[in-house]
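For reference, the structure is listed below as structure tokens.
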Amino acid sequence: MSSRELSPEWVLSKFIPPIAAPQHEISELIVVARRLWPRVQAHAYRAQPGKSSDEALAFASEVWEGVLRSVAKTIQRYNGKNWRIKNMEAYLFGAFHHRFNRALKKERRRLQMMQHLPSSHDLERLRQAHDSKAVRDLEQSIQLKEAVRNMDEWTRKVWAARQYGYSWQEIATQLRLTEPQVKLRFRYAIGKLRARLGGDP
């Protein structure tokens with residue numbers, strides 16, 4: 001995902017006012033977010049040396065989007081009155097840094113917990129003990145329903161579109177994203193879901 005693909009306009013689209021009613025604070029937030037994005041990327045790569053660049057960026061993007069939406073909600077709540085951040089750039093990066101570190105700690109705890117679960121080899125041997133096709137089909141159906149039930153709304157929407165035969169390009173157009181961005185976000189969400197369920201959904 002390049003710095004051009006994750007645009008703050010897309011992240012903040014529901015907070016951007018109509019042209020007839022410009023909102024200076026949201027416009028400033030967009031400008032600062034665009035300027036800060038390379039610094040956010042650099043921090044994400046440094047802090048996650050064991051991950052591929054795509055995985056590191058997807059993880060950081062989720063945190064960054066949350067920070068931008070949170071600040072935009074605060075701006076809307078105050079409606080520009082009695083509220084002003086003196087140094088928006090420092091504030092945004094500080095908020096990102098804090099949330100990102102907290103998310104990394106949570107991810108590390110989850111990975112440590114996963115080490116104590118049965119290995120995929122052990123689970124495979126257990127599956128082979130139930131060699132009946134009907135049992136396997138039932139297990140897969142239950143796993144699939146559980147996986148779909150645990151998906152967030154965005155991931156479920158993309159998954160459903162793929163099931164109905166839509167191409168990645170069609171889905172990306174509908175969501176106003178690029179095809180690589182949709183694939184990356186979906187792959188990251190499915191990876192998180194797979195890890196949370198402790199196996200292949």
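Read-outs: derived from the displayed coordinates by stated rules, not from any lab. This is a predicted model, so every value here is computed, not measured. In this analysis, Cβ positions are derived from the backbone assuming ideal geometry, glycine residues included, and neighbour counts consider all displayed protein chains.
Points to keep in mind about this one:
- The Cα atoms of region 36-106 give a gyration tensor whose axes a ≥ b ≥ c have a/c of 1.5 or more with a/b greater than b/c, which makes the shape prolate.
- Full-extension gain in nm, Asn150 to Arg102, via 0.36 nm per residue minus C-alpha separation: 15.0 nm
- Here the simple spin-label model places points 7 Å from the Cα toward Cβ, and for Ser53 and Gln112 these points are separated by 3.2 nm.
- Taking every Cα-Cα distance in region 151-201 and sorting them into 10 Å bins starting at zero, the pair-distance distribution P(r) comes out as 26, 55, 18, 1 percent.
- Exposure proxy for Lys105, Lys183: other Cβ atoms within 10 Å of each Cβ, ordered fewest to most, give Lys105, Lys183.
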